[in-house]
Amino acid sequence: MKNARPSKLFTAFLELYCRRSLFESIIGDLEEQFEEDVNTFSVTKAKRRYIWNVIRFFRPGIIKPIIKTQKLNQYDMFKNYFKIAWRSLTKYKMYSAIKIGGFSIGIAAFLLILLFVKDELSYDKHYDQGDRIFRVINVHNDPSNFGRGSNFPAQIGQALRDNFPELEKVGRLISSDWFNAGNNQFRAEDNLQSNYEEGFAYADQDLLEILEIEMVYGDQKSALSKPNSMVISKRKADKYFPDQDPVGQTIILNEEESEPILIGGVMENFPTNSHLQFDFFITLTGEEFWPGEQTNWCCWNYSPYIRITQGSNPKELEEKLLLIKDNYIVKNAIESGSSNVDNIKKYFSFYLQPVANIYLESEGIGDDFSHGDIKLVWLFVAIAIFILLLACINFINLSTAKSSNRAKEIGLRKVIGSFRSNLIQQFLTESILYSAISVTLGIGLAILFLPYFNEVSDKSLVLPFAVWWVGPSLIVFILIIGLIAGVYPAFYLSAFKPIDVLRGSKSKGSKSSKLRNVMVVFQFTTSIVLIVGAMMVYRQMEYILNKDLGFDKDQVIMLQGANTLGNKLSTFKNELLKLPEVQSAALSNYLPVEGTKRDGNTFYKEGRDKIDKDVSAQCWKVDKDYVKTMGMKILEGRGFSDRASDSSAIIINQTMAKKLNLENPIGERIKNWESWNIIGVVEDFHFSTIKYNIRPLSLVLGNEGSIIAIKVDTKDMAASLTSITQTWDVFMPNQPVRYSFLDEAYARMYEDVQRTANLFTIFAFLAIIVACLGLFGLSAFLTEQRSKEISIRKVLGASFQVIFQMLTFDFLKMIVISIILAIPIGWYLMTSWLADFEYRTDISWDVFAIAGIIVVLIALFTVSFESIKASIVNPVKGLKSD
Amino acid sequence: MSKTYLGEFEELILTMVLVLKDEAYGNVIVKAIKDHQHREVNLSAVHVTLYRLEDKGYVKSNMGGATNERGGRRKRYFQVTNAGLSVIQTIKESRTKLWDLIPQLQFNS
């Protein structure tokens, strides 16, 4: 027979409002009444009466007080928690040190990387109208030959202005080493001494307004509007015209006294997080580099920046820009008889690059700015999170492992009356305490290592203490970290049953070691991947530095400013050659390292200009000793000589020969706008970063240049430099000698690779430290656990080796699994990184083997501390306590 | 002699508890009042009055007596304290004294 029950809803209602102390007897009475009523009346009536009674009970005297007096005691509980946490911390100093140490390292790494990422992401975000400022990029959509570029012909500015009302302003920039862009000899008119300065670029007047450049002196709207004027940066103004307004002064560049330039204004220095880092803008107003240059669509040297009107859609504009392609580019190509017309029609399109993306997302565009790589940024964020995770895992592992130490306390607390929630609160409080200490230490470590990190990452980062949100966000951070690391141990520890604990039987430690082992494997896999990464990057760097480049970069001195010698040049060169260490010297502006002049031309076989596809190639003006000085190899034909006919002779590289489809290039004639006679083929040499393929290049004779490349053969470089300096001073007493080394300039091209290598190494190192700390703690603990077992084994006759093996074998198993896991991950990551480089080193097995061996050795070393101690200890000690 | 005065219902409940000696708790009191006084009182009123009397110190309570009909819950038993006893005495005396002063009210035997 089913028993009738009164309304559950109202029972719950009663339980909700009734005072705790009265509840039991009241509900008992109500139920007794209900049972009687069921017998006296009917079930329905009994239920009704019950409900009525519950409602009647809702009166003062029965209802709970609103102010819960219990909560007032929480403060005392927390005081207790902190006290106990502190005692536990100081009692197990080693474990606490490991936990806190690992955490601090993780947090310090996290903070530093955060600063780095924040800085990288902050480039070019400071524009007021940033969402309307774009850079125009041309895109070559040929799937077999995809390319993007930032340069356009001169007339692009006018073409854009005329055809598109959506463009508020258009300004062109020439940043590459071309004519007076790049570096120059600079002096005020009334000075005698010229100084070498870098950071020159050509700019339209409108560019100042588009880029919102603030002016210290002069007017942003007109500083560059007069022909032959320039704007200099504040720091250069302070250097050359301290404490005065230099507007109106005359400047002479490269001793060209016939072409003076007026200063039209002084601009604020570019902030460090701008992709533009120029000190001098020379105006393009009225500038024409050779007759007809401004309307000729042959040469692509200008980079257009635009500002669109409010509300315009950049995507639509990109489509509309194809008008330019048809009306100007294609038209021009047809007129000049280029054979690329079909290619252009099919593959050419435009892309409007938002200014905020220029620094990080210009992969493959090939402009001359230094860039960060968005991929690297995300990679570092991932690494930071991983290292922090490793530290959290350490914390979790050690807390759960040595839980037997707290078992008695937990059991007792439960017996006295703690709810599980109280215990969870207690352990979360503990982990937040650890987190607070670690964060403080971590910040200290970060401050300590910030200067070193700045050096490695080539930035000037600062910890933002002045900002108002530092305090609160730190507290939130501490809480989050404490919670993440503490949640699992809190739940694990609070689940102990008091009876198991107090009975003394449970040594809760070896159980649930599966999760712990998984975490250890995770830690070591991460570490191995990082080590492999670091090794590969270093190897690539070595490869880059030692690869056969096609020219000899060692022991080559680049002497700058040779153009100021004027007609004393050849005499100077002869004097140099008289020095015993000097093997050879050559004059040229064009060298195979970045930062020297480049000149892109279009070539075609003579007479076939409308038939074949034309070939874009560099055309370098060198002197006849260039090939010998640079150690380049002539494969076919000959080098330059003193023959008169060599003034129209040209030497091409292998790639150019291939592109021109010349089986026997010697004697053939090719044309850019002059005709040339091919006299030789030089072996391909790298003249830009080896991320890209070697492109076509040609050499012609020219007697201009500002760099003398001197090839020396000496064991005492300092002495050779002194002799060269002395020679220089004889000719140019007013100008200090300025030189640099070719191999250093070459290495500087790969600064970003070097930086990546260094950063990777640091992080691999940190990750290993954190992982080993964890391993050490774990092994110490497990050894302690098994001390009884070890003592008994020793008594029964186990030797030192057997014990040692027993203790370390388990760990070695985990390491081996880590290695196996790390191999495919490392392989994939490395392959995708190296894919950026056209010329790269191979990924070979030995990298993984070495990384694996390193990790095994380190892990063995860590574990053996405790194992050896355990193997040596007197067995009596282990058995005494029972 | 206490200065506080008992309400009518409180006096009724207090008396009932005395009557029921050791077995006084919520339901029983309700039933006893129904039986002896033919008066329906609500369980909640009885409970609240008992707690008030306890606060005044005239009754004391203890827990005990779980049965199945109550779903295993214990009862709260009430007993009269000495203070309560004396207050009842006082009431009875003062009431009798007062009634004696009424001329017409004669008890017909």
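The values are calculated or read from the model by the stated rules, or taken from the named source; none is laboratory data. What you are looking at is a predicted structure, and each value in this text was computed from that prediction instead of being measured. Glycine gets a Cβ as well: all are built from the backbone with ideal geometry, and neighbour counts include every protein chain shown. Ligands, DNA and RNA are excluded from the accessible area calculation, which covers all protein heavy atoms including side chains. Shrake-Rupley method; radii C 1.70, N 1.55, O 1.52, S 1.80 Å.
Quick grid of which residues meet (1) assigned to a helix (DSSP H, G or I); (2) open to solvent by 40 Å² or more (accessible area, probe 1.4 Å):
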{"residue": "A:Ser362", "(1), (2)": "no, no"}
{"residue": "A:Gly372", "(1), (2)": "no, no"}
{"residue": "A:Phe386", "(1), (2)": "yes, yes"}
{"residue": "A:Ala391", "(1), (2)": "yes, no"}
{"residue": "A:Asn405", "(1), (2)": "yes, yes"}
{"residue": "A:Lys414", "(1), (2)": "yes, yes"}
{"residue": "A:Ser421", "(1), (2)": "yes, yes"}
{"residue": "A:Leu428", "(1), (2)": "yes, no"}
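No other residue among A:Ser122, A:Ser96, A:Ser104 is open to solvent by 30 Å² or more (accessible area, probe 1.4 Å) and within 30 Å of A:Leu445 (Cα to Cα) apart from A:Ser122. As a summary of the residue check, A:Gln801 satisfies the conditions (1) in contact with an Asp or Glu (Cβ under 6 Å, 6 or more places away or on another chain); (2) open to solvent by 20 Å² or more (accessible area, probe 1.4 Å) except for the one numbered (1).
State all residues of segment A:265-323 that are among the hydrophobic types (A, V, I, L, M, F, W, C) and assigned to a loop (DSSP other than H, G, I, E, B); if no residue qualifies, say none. It would help to see each step written out before you state the result.
Restricting attention to segment A:265-323, the residues satisfying the condition of being among the hydrophobic types (A, V, I, L, M, F, W, C) are A:266-267, A:270, A:276, A:278, A:280-282, A:284, A:289-290, A:297-300, A:306, A:308, A:317, A:321-323.
Selection gives A:Phe270, A:Leu276, A:Phe278, A:Leu284, A:Phe289, A:Trp290, A:Trp297, A:Cys298, A:Cys299, A:Trp300.
Regarding segment A:183-206, can at least one residue be identified that is at pLDDT 85 or above, open to solvent by 10 Å² or more (accessible area, probe 1.4 Å), closer than 26 Å to A:Asp326 by Cα and in a strand (DSSP E or B)? Looking for residues that are at pLDDT 85 or above, open to solvent by 10 Å² or more (accessible area, probe 1.4 Å), closer than 26 Å to A:Asp326 by Cα and in a strand (DSSP E or B), one finds none in segment A:183-206, hence no. Output yes when any residue across segment A:721-736 is at pLDDT 80 or above and in contact with a Phe, Trp or Tyr (Cβ under 6 Å, 6 or more places away or on another chain), and no when none is. Yes, segment A:721-736 contains at least one residue that is at pLDDT 80 or above and in contact with a Phe, Trp or Tyr (Cβ under 6 Å, 6 or more places away or on another chain). Inside segment A:131-159, can you point out the residues that are loosely packed, with under 15 Cβ neighbours inside 10 Å, of a type outside the set (S, T, N, Q) and under 20 Å from A:Ser312 (Cβ atoms)? Hit for segment A:131-159 is A:Asp131, nothing else.
Just to verify a result, which residue in segment A:556-568, among those that are more than 11 Å from A:Ala709 (Cβ to Cβ) and in contact with a strand residue (DSSP E or B) (Cβ under 7 Å, 6 or more places away or on another chain), is most open to solvent (accessible area, probe 1.4 Å)? Before the answer, list the steps.
We begin by selecting, within segment A:556-568, every residue more than 11 Å from A:Ala709 (Cβ to Cβ); these are A:561, A:563-568.
Applying the additional criterion that residues be in contact with a strand residue (DSSP E or B) (Cβ under 7 Å, 6 or more places away or on another chain) yields A:561, A:564.
Working: A:Gly561: 3, A:Thr564: 26 Å².
In this case the residue turns out to be A:Thr564.
When segment A:841-862 is filtered for residues that are surrounded by fewer than 12 Cβ atoms within 10 Å (Cβ to Cβ) and within 26 Å of the chain's Cα centre (by Cα), the ones remaining, listed by number, are A:Asp842, A:Ser844. Among residues of segment A:29-57 that are at the interface with another protein chain (Cβ under 8 Å from one of its Cβ atoms) and under 14 Å from A:Arg5 (Cβ atoms), those with a beta-carbon under 9 Å from a residue that is among the aromatic types (Phe, Trp, Tyr) and assigned to a helix (DSSP H, G or I) at least six positions away or on a different chain give the pairs A:Leu30/A:Tyr50; A:Glu31/A:Tyr50; A:Gln33/A:Tyr50. Scanning segment A:732-759 for residues that are in a helix (DSSP H, G or I) and open to solvent by less than 20 Å² (accessible area, probe 1.4 Å) yields A:Leu742, A:Ala745, A:Tyr746, A:Val753, A:Thr756, A:Ala757, A:Leu759.
For segment A:430-458, give me each residue that is acidic (Asp, Glu) and either open to solvent by 20 Å² or more (accessible area, probe 1.4 Å) or within 20 Å of A:Val470 (Cβ to Cβ) (or both). Hits for segment A:430-458 are A:Glu455, A:Asp458.
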